Structures are given as C-alpha cells and as structure tokens.
1. Which of the GluC sites (Glu not before Pro) found in segment 509-580 are loop residues per DSSP with 16 or fewer other Cβ atoms within 10 Å of their Cβ?
2. How would you order 118-129, 453-464, 181-192 from highest to lowest mean count of nearby Cβ atoms within 10 Å?
3. Counting pairs of alpha carbon atoms under 8 Å apart in space and at least six apart in sequence, what relative contact order in percent does segment 307-399 give?
4. Among Phe40, Phe629, what is the fewest-to-most ranking by other Cβ atoms within 10 Å?
5. So what J values fall out for segment 37-43 if you push phi through Karplus, 6.51 cos²θ - 1.76 cosθ + 1.60 with θ = phi - 60°, rounded to Hz, Gly and Pro as x?
6. How large is ³J(HN,Hα), in whole Hz, for each residue of segment 101-118 in order, when computed from phi with the Karplus curve 6.51 cos²θ - 1.76 cosθ + 1.60 and θ = phi - 60°, using x for Gly and Pro?
7. Sorted from fewest to most neighbouring beta carbons within 10 Å, what does the list Ser565, Ser365 look like?
8. I need the phi-derived Karplus couplings for segment 371-379: 6.51 cos²θ - 1.76 cosθ + 1.60, θ = phi - 60°, integer Hz, Gly and Pro marked x.
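Every number in this text was worked out from the coordinates using simple rules, so none of it is lab data. Predicted model only: the values in this text are computed from it and were never measured. All Cβ positions, even for glycine, are placed from backbone atoms using ideal geometry, and neighbour counts span all protein chains on display.
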Amino acid sequence: MNKEKILLVDDEEGIRKVLGISLSDIGYTVYTAENGEEAFKIFEEVNPPIVLTDIKMPGMDGIELLKKIKETSPNTEVIMISGHGDMDLAIKSLKYEAVDFVTKPINDDALEIALKRAHEKISMEKRLKEYTENLEALVIEKSARLIELERQAAVGQTIEGLSDAMKSIGGDLENGMQYLNEIPSLVSIYDRDLKIVATNQLYKERIGDQIGKTRREGFGNKAADSLIAPVEETFRAEQGQQCNTTVTYQDGKEAPVLVHTAPIRNSEGALELVMEIAVDTSEIQHLREELRTTQRLYQQLFDEAPCYITVQDRDLRVSAANNMFRRDFDIESGSHCYEVYKHRDEPCLDCPVVMTFEDGKSHESEMVVTSKSGEQYNLLIRTSPVRDVTGKIIQVMEMSTNITQIRKLQDHLSSLGLKIGAISHGIKGLLSGLDSGMYLLDSGTAKGQQDRVTEGMEIVKMIVGRIRRFVLDILHFAKQQDLKWEDVDVISFAQEVASAIEMKAEAQGIELISDFDLSLGEFEVDASVVQSALLNILENAIDACAEDKEKKSHRIVFRVQQDPSYIVFEIEDNGIGIDKETRENLFNLSISSKGMKGTGMGLFITNNIIQQHGGAISVDSTPGKWTRFRIEVPKKPVSKGGQA
C-alpha cells in the first residue's frame with residue numbers, strides 16, 4: 001500500500017526530526033526541507049498533496065512558498081506553522097488559500113485537526129470537480145440534442161415554403177409523397193372531407209395505413225375533437241395552423257406531438273388539400289426534464305455552499321445570491337453589493353468585482369461588512385468571471401468566507417501576548433523601584449544618614465503598596481469572580497472611598513474636595529469591587545497631580561450625582577492631563593499612561609469592573625491643565641450573571 005506523501009519545511013532541524021517522526025508514525029511518507037528554495041524543488045519533483053511549512057524562514061519565507069505552490073498546483077493544500085508573534089502572517093496565509101495553521105509548540109491534536117481539514121478539502125474538491133465535469137458534459141450533450149430536436153420541431157416555420165413546392169402533389173400524391181419520406185416527422189395530407197389521402201413512410205410505420213380514414217381515426221380513438229380543428233381551420237382560413245396534442249401509436253404508446261398544417265393549392269391557386277406535419281416531442285420533453293434536474297442540482301450546489309455567494313453585473317447589482325447570503329444580509333431585487341454589505345452610496349475602493357470585469361482575472365481581498373442584524377463580519381473574498389458563449393464577461397461571481405472567528409482568535413492571542421508583556425513590564429518596573437528603595441536604605445544605614453534611610457523606607461512602602469495592587473489586579477484578571485450584589489447607601493459608600501484616599505492626597509499636598517448629592521439613596525453593586533475601581537482612578541489622579549511641576553497647588557474633586565437610571569461618579573484633577581492618543585487607548589492593557597511607574601493593568605481592570613456592572617467610563621482632558629473621569633453605574637443591574 002502506497003503511503004501518502006507530505007512535505008515538511010522548517011529551518012529548525014529539531015522540529016523537522018521530531019515532527020517528521022510523528023508524521024511517519026501516522027502513515028505519511030515524509031519529505032523535508034530546511035528552506036523555501038529547497039522545498040519548492042522537492043515539491044516539483046514529488047508533487048505531494050499536502051505541504052506543512054513554517055512561516056518565518058531565511059530566504060524564501062512560508063508565505064512566498066505558499067504563493068508559488070498555489071500558482072503551480074492550486075489543489076495542493078498547505079498548512080502553515082506559526083509562532084505566537086506571527087498571527088498576522090498566519091491570517092495573511094489564509095488569504096493566499098492556506099487550508100489551516102498551527103502554532104508552536106505544535107500540539108498533536110491541533111496538527112491532527114489541520115491534517116484532517118486538509119484531507120477533507122482535497123476530497124471535497126475532487127468530488128466537486130468530478131461532479132461539475134459530469135454535469136457540464138451532461139448539459140452540453142443534452143443541450144445539443146435539444147437544439148437538434150427543437151430545430152426539427154421548428155419545421156412548421158417552413159411549411160408555407162413547402163406548400164408551394166407541394167402544389168404538384170395534388171396531381172400526383174403517390175409520387176409526391178416519396179419526397180417527404182426522409183422527413184423525421186409524421187406527414188399526412190387531407191382532403192376537404194377531412195379524409196387522409198396520403199402519408200409518408202414514418203407515419204405508416206408508427207400509425208399504420210390510414211388512407212381513406214378521417215383524421216380522428218388516423219390518430220386513434222382517443223383523439224379529441226381538437227385534433228381535427230387545425231385541419232378544419234386551415235380549410236376555412238386557408239392559412240397554416242399549429243397546436244400541441246397527443247397521438248396513439250400502433251403499439252399503444254401515447255406520445256406528445258407538435259402539429260403544423262399548411263394549405264396545398266392547385267395550379268389555379270385554389271385550396272385543394274391540407275398537409276399536416278406532426279413532430280414527436282417526447283425526447284424533447286425528456287431532455288427538458290433532465291435539464292431542469294441538472295439546473296436544480298446546480299442551484300442546490302449554489303444555495304447550500306458553506307460560504308456567501310453572489311452573482312453581480314457591471315453595475316454591481318446582485319442578480320443572484322445563495323441561501324447563506326440571504327440569511328445574513330438584507331437583499332432586494334436590484335440591490336447594489338455596496339449597499340447590502342457596507343450600507344454605502346457608492347462602490348468600495350479597490351472592489352475585486354470591478355477589477356475582475358476589467359481584466360478577466362480572479363481577485364482576492366479582505367473586508368469588514370455589516371450583516372442585517374448589525375454584526376460586523378470579517379470576510380475573505382474571491383471573485384470569478386462568468387462568460388457567455390463568445391467569451392465575453394457578462395457577470396462576476398463573488399465567493400466570501402466568514403473569518404470573523406479566526407480574527408477573534410487572532411485578537412485573543414494578540415491580547416494574551418500583550419497582557420503577558422504588560423505584566424512582565426510591570427513586574428520589571430516595580431522591581432526596579434524596589435531596588436532603588438533598598439539601595440537608599442542600605443547606603444543610609446551604612447553611612448548613618450537618617451534622611452536617606454527615611455527616603456528609602458518611603459520608597460519601599462510605596463512600591464509594596466503598588467505590588468499589592470498589582471497582585472490584586474492580576475488575580476482579578478486571571479479569574480473574574482461572580483459579583484456579590486448588595487444594596488448600598490451611596491453617600492456612605494462615597495465617604496468610605498474618599499476616606500481611603502484622603503491621607504495619601506494630603507501627604508502629596510493635594511486638596512481633596514468631596515461634592516456629594518445628599519439625595520442619592522441606594523444602588524445595588526458589589527461594593528468592594530466598585531470601591532477598588534474608584535480608588536484606582538483616584539490614585540491615578542494623585543499621581544497626575546504629583547507629576548505636574550507647573551502649578552503651585554493641586555486639587556482633586558470627587559463628585560457624586562445621579563440621573564434617573566445611574567449613579568454618576570466624577571473624578572476631576574488639575575494635574576498633567578492626558579493627550580488624545582493616550583485617551584483613546586487608556587483602557588487597553590498594553591498602554592500605560594504612567595511610563596515606568598505603572599503597568600497599565602489598573603485602568604484595564606477598572607473598566608472591566610464597571611462594564612461588569614453594566615456601566616461605562618468616559619474621559620475628557622486637556623493636556624497640561626485637567627482631566628475628568630465620568631463613571632456611570634446603574635442603580636439596578638440589568639442582570640446578575642457576574643459577567644462583563
């Protein structure tokens with residue numbers, strides 16, 4: 001039994017060895033390469049159906065190798081290997097039709113899932129190709145046959161011309177009919193008594209010898225009066241007629257026929273006989289049914305495809321859309337794609353459909369669209385031209401894959417990396433501060449300098465306090481606890497918060513002003529959690545005032561008000577202020593407004609706490625002058641699930 005081939009590409013020899021053994025154990029014949037150039041040479045020689053390649057390599061990297069492989073062999077499936085820092089490249093590789101990606105260190109289960117996905121796609125593409133080729137061949141064959149038969153059925157259009165040539169038949173029916181024996185239709189001629197006076201050979205073979213019989217008898221006893229009508233009408237109006245009816249053959253088989261009649265005149269121009277040509281349309285109807293079945297199969301394939309598919313004209317109007325597209329997007333007859341996708345009034349820049357109309361090639365792009373429910377989706381889009389029989393592009397098919405979950409995974413992994421980096425950076429800053437305090441303590445003790453000892457002790461106390469807050473933030477971030485809801489008196493709660501920060505503000509020479517609405521009543525919160533969030537902002541305000549060396553005096557106003565649904569806390573200081581860019585990223589874990597003095601985690605946690613309570617935080621500031629935080633907390637929570 002031949003093993004399936006796989007090409008493994010990685011510049012690390014250890015990974016090639018370990019992963020090569022694993023792939024061999026599960027039944028692959030493994031070819032390895034240490035760089036992109038070597039890999040492509042091996043690929044051209046052995047043509048493996050699956051390639052597993054690292055993204056970052058010296059020389060030709062994994063993305064370039066992926067592009068070359070897809071240009072050479074579009075059906076080869078490529079799985080990318082990425083590090084946690086390579087997620088942008090991993091997502092980019094999907095745009096270039098990588099089937100999947102796995103991250104280092106490679107988990108066996110993740111690798112197995114990726115390989116299974118690759119095999120499923122190879123199998124599906126093979127079946128789809130065979131199915132499409134069979135359908136196309138069937139359509140071509142049946143269409144050609146249908147055209148042939150419909151041409152035969154169109155013989156009625158030439159009846160008038162035939163009638164002129166048949167004038168001599170009135171005088172010599174027997175000799176005249178022999179010219180019609182080659183016509184693949186039932187031909188009969190009637191006199192004014194509606195009796196059959198001549199038939200061609202095919203008529204005799206299928207209906208029998210009906211000379212001298214009436215038309216009703218000629219077409220069998222089941223024929224209705226409507227069968228006689230075309231011949232009678234031709235004698236009356238002296239013009240050819242047409243109708244669809246049914247005949248009964250000698251073997252009892254009934255067949256649908258398309259009937260044409262034409263007047264036959266004598267040499268003096270008088271109508272003497274009527275010729276009737278009946279074309280058996282059984283095969284035409286059968287072919288039409290087969291074509292309808294084939295069209296239904298194509299439509300089913302179109303509708304049930306697990307991606308968004310639309311067909312658009314040159315004005316970017318959507319002429320067809322599959323079920324998945326109609327489920328997620330509002331679409332009406334004649335809608336423009338940019339109206340449906342983006343709610344825009346004009347086409348998008350670099351529209352791949354427009355580019356396909358211009359150059360006749362497939363194009364790819366990634367864009368964010370809005371569904372009818374208001375959700376935003378990340379889509380990978382690929383276009384394909386639809387041509388008519390002359391090769392002219394008349395429409396463009398657009399196929400879009402929803403990669404929103406992949407993007408969310410990327411954001412999650414990126415966020416995780418930023419959080420780990422922020423924690424590491426914070427610990428480093430705290431340790432540096434602790435080292436400074438310990439140095440002052442040691443040097444002051446050794447030299448008997450009490451002021452240095454006192455200064456060092458103050459720094460150590462400050463850093464220990466920050467370490468405590470930092471550890472609590474990490475614990476809160478690592479495991480978000482369910483909230484302990486309770487009814488709390490707002491004034492008492494606010495006074496406790498102010499008391500907790502008052503001494504620290506006084507030690508820095510900062511005036512703390514409390515401005516509370518005495519009619520606030522109660523609200524339902526987890527008091528200790530919200531208190532820690534407000535203290536975090538107040539401590540930031542103290543730090544902002546302490547850093548400001550321009551003003552002679554500083555103050556913090558802690559204001560508590562209400563509106564019908566919310567308790568509103570405002571914390572305003574006249575410290576150094578916050579610039580616009582910092583404000584926009586203030587609650588991102590990776591951003592700290594304190595430089596080396598903070599981790600950036602405090603405000604991230606604070607924002608999560610307020611959101612967990614169903615509230616929101618807004619910030620306004622003028623750099624160098626003032627900053628105001630506005631914290632809105634619902635009086636009664638919408639839900640008590642304990643989740644943000």
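1. Glu550
2. Output ranking for 118-129, 453-464, 181-192: 181-192, 453-464, 118-129.
3. With pairs under 8 Å counted, the relative contact order is 29 percent.
4. On the way: Phe40 20, Phe629 23.
Fewest to most other Cβ atoms nearby, the residues stand as Phe40, Phe629.
5. Calculated HN-Hα couplings, in order: 4, 5, 4, 5, 5, 5, 4 Hz.
6. Whole-Hz 3J(HN,Hα) from phi for segment 101-118: 9, 10, 9, 7, x, 6, 7, 4, 5, 5, 5, 4, 5, 5, 5, 4, 5, 5.
7. Neighbour counts put them in this order, fewest first: Ser565, Ser365.
8. In residue order, the calculated couplings are 7, 5, 8, x, 6, 9, 10, 8, 10 Hz.
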